[in-house]
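Participant: Would you mind keeping the following structure in view while I ask a few things?
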Amino acid sequence: MAISIKELLNEGTANIGALVTVQGWIRAFRSNRFLQINDGSCFGSLQAVVDFNDFPEEQLRLLTTAAAIRLEGKVVESMGSGQAIELMVSSIEVIGIAAADEVQKTVMQPKRHSLEFLREQAHFRFRTNTFGAVFRIRHSVAYAIHHYFHTNGFFYLNTPIITGSDAEGAGEMFRVTTLDAKNPPLTDDGKVNFGADFFGKSVNLTVSGQLEAELAALALGKVYTFGPTFRAENSNTSRHLAEFWMIEPEVAFNDLQANMDLTEDFLKFICRFVMEHCKDDLQFLNDREAQEQAQKPQHERHELSLIERIAFVIDNPFKRLTYTEAIEVLKNSAPYKKKKFQYDVSWGIDLQSEHERYLVEKEFKCPVILTDYPSEIKAFYMRSNDDGKTVAAMDVLFPGIGEIVGGSQREERLEVLQQKCAAFGIPEEELWWYLDTRKIGSVPHAGFGLGLERMIMFVTGMTNIRDVIPFPRTPLNASF
Ligand code: 4AD
Ligand code: MG
């Protein structure tokens, strides 16, 4: 049976003398004798030494970059620097050839490609060093998230992907229907009759599992969701996807303070986990970024390297302040006074990303938690504060990313929630099940949503969200 290259490299010199089989793809050639074999199990490649006198010409000709091969050989101490062991090859089986003219057409030709070009070849970009590193780290982050919640007594809850509700009230939903788009059934007043649709009502892909998670938290205490989320926002930015993954913990009896503490502890745990478990991949991305930065003018460069930025988040408390305080900070800022912000600043505005980035990157130079936003710009379910103007909301802002987490304490008081529904134009009949939980044994509770891809952007240093999800879905793009 074949051994993984990760195992072989991790075990170091322990296997010297052993006869092993490895299988993978040829990453590179050196001096016509040394093959670098990568099987995806880890960042590193295994050096295999082929004595060209031992193999027939026809077989050697097939050993080209990107070909899939199975090798048998003896593990020996490496003569060269850079690796502890190498494989003295005694048998070669070419499993999948890689014809040079085919390789030429793809991102697998051995040279540096732009990330944009790699995006057009999502089927091959996995085989590059960069995307191998990104997707191994993405796996580790997902694993760390489940680990964190499991060890802290949370239950993993699967909330529906098809739903009739618009939890965020932003109306950015993808409709799910089996009706004939060309000839839909109509009601008497000429509207599309969704009563005749598959579910007997109008449904959409979920924008958040929160409302359902609240129901479960009010019985199981601590739950979290981790699933795909869909938003038909037509914003073609480097931080938005139409299909992304969100993690939404929800905790009974937590207030906003406890919610902030949980968020901070959780985000720091993910950062520590990546630092401890993804060393090689992280080092590669760190160095890759450093090379890229060196090409940029001084004022556009990061002050800290990727690894330093992650360490900084782990080691420093997040800055916490209210939305109202943040507006004051922005109004006293140099860019505001010099009219450098594109969007105006006044109490009540939805902060733009230029404002968020100023607070995080220039003013406080650390992650920031903003709380107590104006009720008009936040969702209906957030708990009203005593001032009658703000709600117990919190957004976590990260350097280089902007908003990474959005959350709140929830409105647990039935009458206040009913007033909010009325004010937001949400018919109570649609949310009868949600309102019901405020009638029997209602308790204060709180939660938040972390955008998985934005977290991966932070820990990999990738600057476009399309490069941290295997198959990005964005306006006008659903290839692969
Ligand atoms: O702030 P949002 O909209 O919050 C909610 O959906 C709440 N129901 C969460 C909760 O309290 N349980 O979204 C949460 C996070 C954002 O902070 C952002 O990281 C990410 O989800 N996000 C997106 N990520 C990629 N593409 C998009 N279009 C995103 N929209 C939100
Ligand atoms: Mg938000």
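The values are calculated or read from the model by the stated rules, or taken from the named source; none is laboratory data. This structure is a prediction, so every number in the text was calculated from the model and none was measured. A quick note on method: Cβ atoms are made from the backbone with ideal geometry, for glycine too, and the neighbour counts reach across all protein chains shown.
Participant: Suppose the filter is surrounded by fewer than 20 Cβ atoms within 10 Å (Cβ to Cβ) and either under 16 Å from the mean Cα position of the chain (by Cα) or of a type in the set (G, A, S) (or both); does G227 pass it?
Facilitator: yes
Participant: Here are some residues: Q83, Q23. Which one is surrounded by fewer than 18 Cβ atoms within 10 Å (Cβ to Cβ), under 37 Å from the mean Cα position of the chain (by Cα), under 26 Å from R138 (Cα atoms) and of a type in the set (S, T, N, Q)?
Facilitator: Only one candidate passes the filter, namely Q23.
Participant: Between a residue in the stretch 220-246 that is among the hydroxyl-bearing types (S, T, Y) and any residue that is modelled with pLDDT of 95 or more and part of a loop (DSSP other than H, G, I, E, B), which pairs come within a Cβ distance under 6 Å, given they are 6 or more apart or on different chains?
Facilitator: Hits for this filter: Y224/F154; T225/L157; T225/T159; T225/G209; S238/N464.
Participant: Please list, ordered by residue number, the strands (runs of 3 or more DSSP E) wholly in the stretch 1-110 having 1 or more residues that are closer than 22 Å to G132 by Cα and among the small types (G, A, S).
Facilitator: 19-30, 46-49, 68-77, 85-96
Participant: Same structure, new question: Can you tell me which of M462, M382, M455 is touching a Ser or Thr at 6+ places or on another chain (Cβ under 7 Å), of a type outside the set (D, E, K, R) and within 14 Å of ligand 1 (Cβ to nearest atom)?
Facilitator: Criteria check complete, one pass: M382.
Participant: Anything in the stretch 30-63 that is within 29 Å of H139 (Cβ to Cβ) and either over 40 Å from the mean Cα position of the chain (by Cα) or not aliphatic (A, V, I, L, M) (or both)? List them, or say none.
Facilitator: Of everything in the stretch 30-63, those that are within 29 Å of H139 (Cβ to Cβ) and either over 40 Å from the mean Cα position of the chain (by Cα) or not aliphatic (A, V, I, L, M) (or both) turn out to be Q36, N38, D39, G40, S41, C42, F43, G44, S45, Q47.
Participant: If I440 satisfies every condition in (1) touching a residue at least 12 places away in the same chain (Cβ under 8 Å); (2) more than 21 Å from the chain's Cα centre (by Cα) but one, which is the exception?
Facilitator: (1) is the only condition that I440 fails.
Participant: Filter the stretch 402-427 down to residues that are of a type in the set (D, E, K, R) and either modelled with pLDDT under 95 or within 16 Å of ligand 2 (Cβ to nearest atom) (or both) and give me whichever is surrounded by the most Cβ atoms within 10 Å (Cβ to Cβ).
Facilitator: For the stretch 402-427, the residue satisfying everything is R410.
Participant: I've got another one for you. What are the residues in the stretch 111-139 that are of a type in the set (F, W, Y) and either in a loop (DSSP other than H, G, I, E, B) or more than 19 Å from the chain's Cα centre (by Cα) (or both), if any?
Facilitator: Once the filter is applied, which keeps residues that are of a type in the set (F, W, Y) and either in a loop (DSSP other than H, G, I, E, B) or more than 19 Å from the chain's Cα centre (by Cα) (or both), the stretch 111-139 yields F117, F124.
Participant: Show me the helices (runs of 4 or more DSSP H) found entirely inside the stretch 247-322 where at least 3 residues are closer than 23 Å to C42 by Cβ and touching a residue at least 60 places away in the same chain (Cβ under 8 Å).
Facilitator: It comes to 256-277, 279-294.
Participant: Criterion first (assigned by TED's automatic domain parsing to the domain that holds R438 and either modelled with pLDDT of 95 or more or more than 30 Å from E289 (Cβ to Cβ) (or both)) does S165 satisfy it?
Facilitator: Yes, satisfied.
Participant: Can you give me the number of residues within the stretch 140-162 that are part of a helix (DSSP H, G or I) and either outside the structural domain of V223 (by TED's automatic domain parsing) or aromatic (F, W, Y) (or both)?
Facilitator: 3
Participant: Let me ask something else about it. Assuming I314 fulfils every condition listed in (1) more than 16 Å from ligand 2 (Cβ to nearest atom); (2) crowded, with 20+ Cβ neighbours inside 10 Å; (3) among the hydrophobic types (A, V, I, L, M, F, W, C) apart from one, which condition is it?
Facilitator: Of the numbered conditions (1) more than 16 Å from ligand 2 (Cβ to nearest atom); (2) crowded, with 20+ Cβ neighbours inside 10 Å; (3) among the hydrophobic types (A, V, I, L, M, F, W, C), the odd one out for I314 is (2).
Participant: Please determine whether any residue of the stretch 466-473 is in contact with a Gly (Cβ under 6 Å, 6 or more places away or on another chain) and either under 30 Å from F117 (Cα atoms) or within 11 Å of ligand 1 (Cβ to nearest atom) (or both).
Facilitator: Within the stretch 466-473, not a single residue is in contact with a Gly (Cβ under 6 Å, 6 or more places away or on another chain) and either under 30 Å from F117 (Cα atoms) or within 11 Å of ligand 1 (Cβ to nearest atom) (or both).
Participant: Name every residue in the stretch 382-392 that is within 13 Å of ligand 2 (Cβ to nearest atom) and in contact (Cβ under 8 Å) with a residue 24 or more places away in the chain, in order of residue number.
Facilitator: The one that is within 13 Å of ligand 2 (Cβ to nearest atom) and in contact (Cβ under 8 Å) with a residue 24 or more places away in the chain: M382.
Participant: Do you know which residues across the stretch 357-401 are at pLDDT 95 or above, of a type in the set (D, E) and closer than 21 Å to T237 by Cβ?
Facilitator: Answer for the stretch 357-401, where residues must be at pLDDT 95 or above, of a type in the set (D, E) and closer than 21 Å to T237 by Cβ: just D395.
Participant: Let me ask something additional. Just to verify a result, which residue in the stretch 251-269, among those that are more than 16 Å from ligand 2 (Cβ to nearest atom) and under 19 Å from S442 (Cβ atoms), is farthest from the chain's Cα centre (by Cα)?
Facilitator: Taking the candidates together, the pick is F253.
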